[in-house]
Amino acid sequence: MKTYNHDKHIKFSFLLLSVLTLMTPGCRPKIDPVEHGNHKQILHIGNGTEPQDLDPHIVTGVPEHNIISALLEGLVAEDPKTLQPIPGVAEDWEVSPDGTVYTFDLRKNAQWSNGDPVTAHDFVFSYKRILAPALGSEYAYMLYVIKNAKDFHKGTITDFLQVGIKAMAHDILEITLENATPYFLSLLNHYSWFPVHPPTILKHGRIDERGTKWTRSENFVGNGPFVLDTWKINDMIIVKKNETYWDADNVRLNAIHFHPIEDERTEERAFRSGQLHITGSVPLSKIEVYKEKKPDLIKISTFLGTYFYRINVHRPPLNDVKVRRALAMAIDREGIVKNVTKGGQQPAYAFTPPDTAGYTTRTRIPSDIHQAKKLLAEAGYPNGMGFPKIELLYNTSEGHRTLAQAIQQMWKKDLNINVKLLNQEWKVYLDTVKQQNYNIARAGWIGDYVDPNTFLDMFVTDGGNNDTGWSNPEYDQRIREVAKISNFPQRMEHFQQAETILLDQTPIIPIYFYTRVYLIQPNVKGWYENLLDHHPYKYVYLSKK
Amino acid sequence: MTTFILKRIFFETLPTLLIIATLTFFMVRLAPGGPFSQEKSVTPEILENLKAHYGLNAPLHKQYFDYMKNLLRGDLGPSFKYPNRTVNELIANAFPVSFELGLYALLFALLVGNAAGLIAALCPNTKSDYIPMSLAMLGICIPSFVLGPLLVLIFSLWLGWFSVSGWDFPSDRILPAITLGATYAAYIARLTRSGMLEILNQDFIRTARAKGLPEYKIILKHGFKGGVIPVVSFLGPAVAGLISGSFVVETIFQIPGLGRFFVNAAFNRDYTMVLGTVLFFAILIILFNLVVDIILVWLNPKLRFRE
């Protein structure tokens with residue numbers, strides 16, 4: 001029956017396969033994007049996820065920041081190395097002796113990308129917009145330092161003239177603060193303080209209308225060193241040099257391509273094959289490889305953030321401060337950063353990262369097993385006897401799980417207590433933490449600005465992100481008072497006292513200070529490491545070699 | 001035939017869609033957390049403002065009827081995660097990409113799967129049966145998150161033939177299409193083999209042989225048409241799955257398709273986006289099942305007589 005030649009069929013299908021696979025390798029460009037970019041001053045950045053939007057008064061994330069900081073410029077800009085406020089749209093400013101009134105002189109040659117001048121009225125409009133309740137801006141509280149801003153945003157004041165923002169002239173802006181706020185100028189570098197172009201906003205909707213089309217690439221008008229050119233969802237955002245920018249002569253990049261690559265393995269492969277100059281992250285398994293084989297390509301820089309565990313202080317036995325301290329002391333933080341997280345993190349013996357605007361905490365939670373055992377015994381659980389089983393909650397992720405397992409083992413080995421690990425999907429976890437329906441829960445906090453306040457005001461009684469149920473009147477008082485002190489040593493002393501209370505009471509267990517680990521091609525110049533991981537693009541350029 | 005189609009649409013499709021929309025609407029609301037919960041929590045006032053903007057502070061039944069009203073007009077609402085986009089726009093933007101990728105994957109799956117299945121069926125229990133069938137088994141077993149990076153490693157990083165990721169050049173379609181199509185190719189190979197084996201033992205094939213028809217005609221014209229029926233039934237839901245995007249393949253290759261929205265919308269509690277993608281997928285499945293039923297009637301004369 002088999003008269004046909006089945007070898008022929010096999011040959012045919014092989015041919016088919018080869019044709020399919022070989023058909024088009026020729027279509028691939030001969031030169032990779034990085035090399036092309038080096039010649040044309042086009043920077044390719046791996047930017048994590050697709051931005052929610054590019055409206056500075058709506059968004060909340062880091063990928064959004066990375067793009068918006070290219071498109072818009074605030075009153076002040078920041079020094080690329082030190083993050084110190086330097087002139088931006090404002091050429092100069094004066095501060096009243098009591099530190100509550102700031103008068104900004106706007107530069108005459110600051111322009112929007114459509115040629116309109118950037119005026120003090122634009123800033124008034126912008127701050128009115130972000131504070132408008134109906135806009136639903138999630139970062140509006142950043143402006144609460146301005147006099148009456150909070151009341152306007154909460155709707156108790158409806159007259160915006162009572163809010164401490166005034167255009168004294170076309171190019172003079174006066175901002176009156178609630179209290180002297182020493183870190184006020186560095187706040188201005190947060191995108192919630194960036195201006196928007198009033199005619200463009202009003203062309204596409206009301207001043208307080210959310211989600212209008214003004215941020216589309218065909219509509220966007222900005223005042224930053226770059227203009228929005230292309231926005232392909234989940235694919236790429238291209239910004240090009242803005243020729244109307246007041247300092248355009250000093251901008252050396254011609255364009256930046258932001259690639260929203262969510263998967264860090266995909267991103268690493270793209271970097272390896274010359275598609276990216278800079279990545280957003282590095283897969284854990286690749287960190288050691290790069291450190292060993294290509295140390296010039298990997299950067300590990302400290303970052304203004306703390307990884308910690310929250311403790312629900314209402315749940316026995318965790319309502320006993322001795323138990324909380326025992327748990328905190330029994331963690332070998334050196335071991336964790338060396339063997340578990342491996343990304344160059346610093347062990348955290350306090351909550352505020354060291355050298356935050358000149359502040360380093362005096363107090364430490366020591367890693368001291370002997371002391372931990374003693375405290376646990378004093379609390380009524382000698383060698384862990386009779387200690388109820390507690391749960392440690394984290395949001396589902398490989399990294400959090402490994403860390404939780406390591407800590408679970410430390411507590412078992414040294415304190416002889418049993419902890420059950422519980423993981424929940426991100427939003428479920430957020431819900432559980434918010435409702436204080438946990439014993440111990442993993443958390444992370446990234447500072448919004450470089451000042452201890454961004455960390456320490458979190459744990460005031462009923463603070464929006466406290467979530468531990470902890471409350472201490474003395475702590476509250478220190479934080480309340482600090483807002484009114486402008487004398488530097490006195491301020492720092494208040495923070496020291498507050499953090500000492502926090503660490504002694506231990507409603508949280510600091511574990512490590514975050515680092516940012518990323519890959520960067522050696523051709524990228526003018527890119528400096530700093531605490532907030534901000535890299536003003538006007539200083540960045542690409543060398544050909 | 002027209003009454004058959006109309007009946008299907010009015011008595012099956014529309015009620016099914018209504019049930020799916022209702023169930024999804026309430027299920028997604030039951031999930032803990034909401035579209036606005038995040039690590040840095042928003043103040044109660046801001047949360048109220050946001051809810052007011054999206055109409056989330058109305059009673060749930062009112063929200064449901066409002067949603068249904070808009071749905072009738074084809075309006076899937078604004079996305080919660082991407083405030084300046086509508087769900088319609090996001091789907092319209094991503095679907096063509098997924099559709100294109102799906103078509104290439106389907107083409108690959110059909111060519112490779114049918115060829116392998118045919119070869120195997122022609123010489124059952126020989127080397128040319130075992131080899132393609134073992135490969136097919138492998139294709140079913142290897143998940144795409146292994147196959148994808150493996151192909152990238154070999155063809156992009158070592159040989160340098162393709163980009164490792166992206167969707168910019170025609171050649172960017174090849175590796176994702178193979179990764180996505182591999183599993184389907186394997187299924188099709190096995191289905192083709194069993195379908196062909198059954199047909200080739202039928203009387204009418206023996207008759208054709210006795211009449212002295214050339215072998216290729218017997219196999220391709222008489223055999224294949226019947227042997228491919230199981231494949232066609234499989235293709236209905238398979239095509240809907242292929243062209244609506246795959247989370248894994250799109251993530252590995254950084255493709256701006258629809259697949260990632262399915263998963264991320266649920267993670268983000270982007271209520272309208274979850275509903276939009278679920279409904280869209282449901283419509284695709286129903287549509288392709290309908291098409292398959294029509295093709296089956298055409299392929300199989302027995303079904304036509306029943307009509």
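The values are calculated or read from the model by the stated rules, or taken from the named source; none is laboratory data. Fair warning: this is a prediction, and the values are worked out from it, not measured in the lab. Here Cβ is always computed from backbone atoms with ideal geometry, including for glycine, and neighbour counts include all displayed protein chains. Protein only, heavy atoms only, side chains kept; ligands, DNA and RNA dropped before computing areas. Shrake-Rupley method; radii C 1.70, N 1.55, O 1.52, S 1.80 Å.
Hydrodynamic analysis of chain B uses the Kirkwood radius over alpha carbon pairs. Inserted into Stokes-Einstein at 20 °C and 1.002 mPa s, it gives a translational diffusion coefficient of 96 µm²/s. Note: relative contact order over chain B, using C-alpha pairs below 8 Å and six or more positions apart, is 25 percent.
Calculated mean residue ellipticity at 222 nm for chain A: -8500 deg cm²/dmol, from DSSP H runs with n ≥ 4 weighted as -39500 (n - 2.57), summed, divided by the residue count and rounded to 500. The slack in the chain from B:R209 to B:E39, taken as 0.36 nm per residue of separation less the alpha-carbon distance, amounts to 54.0 nm.
Restriction of the trypsin sites (Lys or Arg not before Pro) in the range A:296-386 to DSSP coil positions whose beta-carbon has at most 14 other beta-carbons within 10 angstrom yields A:R362, A:R364.
Buried on complex formation within the range A:272-296 (loss of at least 10 square angstrom of accessible surface versus the isolated chain, 1.4 Å probe, ligands and nucleic acids ignored): A:R272, A:S273, A:Q275. To put it simply, the accessible area of chain A at a 1.4 Å probe is 51 percent carbon and sulfur. Interface residues of the range A:223-242, defined as those losing at least 50 Å² of solvent-accessible heavy-atom surface relative to the isolated chain (probe radius 1.4 Å), are listed as A:I233, A:N234, A:D235. Shape index of the range A:382-501: Rg/Rh, with Rg the Cα radius of gyration and Rh the Kirkwood radius from the inverse mean 1/r over Cα pairs, equals 1.05. In a DSSP loop and with at most 14 other Cβ atoms within 10 Å, the trypsin sites (Lys or Arg not before Pro) in the range B:32-78 are B:K40, B:R73. Other protein chain C-beta atoms within 10 Å of residue C-beta, averaged over B:155-164: 5.
Accessible surface area normalised per residue over the protein assembly as shown is 43 Å², counting heavy atoms of protein chains with a 1.4 Å rolling probe. Of the GluC sites (Glu not before Pro) found in the range A:242-325, those in coil by DSSP whose Cβ has at most 16 other Cβ atoms within 10 Å are A:E243. Both numbers refer to the Cα atoms of the range A:90-175; Rg and Dmax are 13.6, 39 Å. Kindly compute the accessible surface that chains A and B hide from a 1.4 Å probe when together, both sides summed, and give it to the nearest 100 Å². The buried area between A and B, both sides summed, comes to about 5800 Å². With contacts taken as Cα pairs under 8 Å at a separation of at least 6 residues, chain A carries a relative contact order of 19 percent.
Measuring between alpha carbons in the structure, the pairs from A:K389/A:K434; A:K154/B:K40; A:K166/A:K213 lying more than 24 angstrom apart are A:K166/A:K213.
Sorting A:H400, A:H370 on solvent-accessible area from highest to lowest, probe radius 1.4 Å, gives A:H370, A:H400. In whole angstrom, how far apart do the alpha carbon centroids of the range A:470-545 and the range A:328-345 sit? Using only Cα atoms, the two centres lie 20 Å from each other. Using C-alpha pairs below 8 Å separated by at least 6 residues, the relative contact order for the range B:62-131 is 13 percent. In this structure, B:F267 and A:L284 have a Cβ-Cβ separation that, at R0 = 22 Å, corresponds to a calculated FRET efficiency of about 0.55.
Under the convention that each Lys and Arg Cβ holds +1 and each Asp and Glu Cβ holds -1, the size of the dipole of the protein assembly as shown around its Cα centre is about 3740 debye. Across the protein assembly as shown, counting alpha-carbon atoms alone, Rg and Dmax equal 31.2, 109 Å. Only DSSP H runs of four or more residues enter the estimate; each adds -39500 (n - 2.57), and after division by the residues of chain B the mean residue ellipticity at 222 nm equals -22500 deg cm²/dmol.
Element breakdown for chain B at a 1.4 angstrom probe: carbon and sulfur atoms account for 70% of the accessible area.
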